[in-house]
Amino acid sequence: MVRLRLLFIAAVCLALASCDATIHFYPEPAGGTASNLRLNVDWSDYGKTVPTGMTVICHHTETGEKQHTIDNNTAYVSPHLAEGRHWATVFNLTEDEYNYIRFRGLDAVETAEAFAPAQEEPKWYGGRTDGSSYVAWPPEWLATDTIMTDHVRHSQSGKQVIGTLHPKNIIYTIHLTIHTENIGNLRAARGSISGMASGRRLAADMPNDNSVTVAHPIESDEWARARTSSKPDIGLVKADIRCFGLPGNHGGTPTENFLEFQAMLADGKNVLRYNIPVGHLIAESDPPPGRRGDKLDLWLDLWLDPPLPPGGNSDWGLDVWVEDWDEPEDVDIGLRSKKK
């Protein structure tokens, strides 16, 4: 019987271990007595799967007193709050559950910020990093909202609903398309996009300005190659990259953003490196009114000039290893308008 119990416990543990890693257990809220306050959270504008947990932070509008709540019930929280009105901020999951997002300034609503932390730059990265620019990996999906609650009155009996938060996604996706002739001579690709926003204040309606920007690497496995149906030798490569968007004060000038594109040719020995100013080519889609952050998209579409040289007909991405990229050949590059 003891052996059967142990086998059963082991089976349960194995099943739990194999579950989705997004199953989280949060601490019980502080406070000895239950609060009669209720702050609702409506995730219908998020546009992604409803998260398994959330963080809600309240700041008293006059005293600045902070109440920090984390819960795996994502429908509402019942915080213990002082009388008066409060700024309430919500975001999905908790601060420690992100690999490529960090939080700071959470002691005040004005300074609460999500940002992309600096990462070790890849050895192949050819861009510039200094006090105003650094390398960061693409962030995970993040939804947030900030409201001012209704007035909290402890004299009121029964359940008191003090507001509803409507978190929305604030992470953009850059849809990058590069057209070229001689597409068959492209065996693999990698690159980076620089000049992107480093983060975003949680209560703001736009990303941070360009006082500090980030470059996001785009590794080989994030690209896809395709040929055109009308002219098989002309084709394109595509990649989608998550980011915090263009800086809030982006001016649309060419040198505000650079695309570094490295193309490994079919012979597996030669690598061409393109460094292209693209700040004037990035187009932003306008989200519908009232849907801040839902399906935020940036579009970058260009032709390589000069195009890839004629050459072999490669198998895309076949057995490409890190050491295969060790012999880059620099190429001065310009831009030409899109072909119709």
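The values are calculated or read from the model by the stated rules, or taken from the named source; none is laboratory data. Nothing here was measured: the structure is a model prediction, and the numbers come from that model. Ideal geometry is used to build each Cβ from the backbone, glycine not excepted, and the neighbour counts take in all protein chains shown. With ligands, DNA and RNA removed, areas are computed over all heavy atoms of the protein, side chains included. Shrake-Rupley method; radii C 1.70, N 1.55, O 1.52, S 1.80 Å.
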Odd one out for T173 among (1) closer than 30 Å to A266 by Cα; (2) in a loop (DSSP other than H, G, I, E, B); (3) in contact with a Lys or Arg (Cβ under 6 Å, 6 or more places away or on another chain): (2)
For segment 139-170, give me the residue count where each residue is open to solvent by less than 10 Å² (accessible area, probe 1.4 Å), among the β-branched types (V, I, T) and either outside any loop (DSSP other than H, G, I, E, B) or on the phi > 0 side of the Ramachandran plot (or both). 3
Among the residues of segment 94-111, are any in a strand (DSSP E or B), closer than 30 Å to N36 by Cβ and open to solvent by less than 60 Å² (accessible area, probe 1.4 Å)? yes
With respect to S194, determine if the residue is over 30 Å from P310 (Cβ atoms), of a type in the set (S, T, N, Q) and touching a residue at least 40 places away in the same chain (Cβ under 8 Å). yes
Every listed condition ((1) over 30 Å from L272 (Cβ atoms); (2) in contact with an Asp or Glu (Cβ under 9 Å, 6 or more places away or on another chain); (3) surrounded by 17 or more Cβ atoms within 10 Å (Cβ to Cβ); (4) among the hydroxyl-bearing types (S, T, Y)) holds for Y134 save (1)
Options S133, S157, S192: the member that is touching a Pro at 6+ places or on another chain (Cβ under 7 Å) and either among the small types (G, A, S) or within 30 Å of H60 (Cα to Cα) (or both): S192
Every listed condition ((1) part of a loop (DSSP other than H, G, I, E, B); (2) surrounded by fewer than 22 Cβ atoms within 10 Å (Cβ to Cβ); (3) not basic (K, R)) holds for P207 save (2)
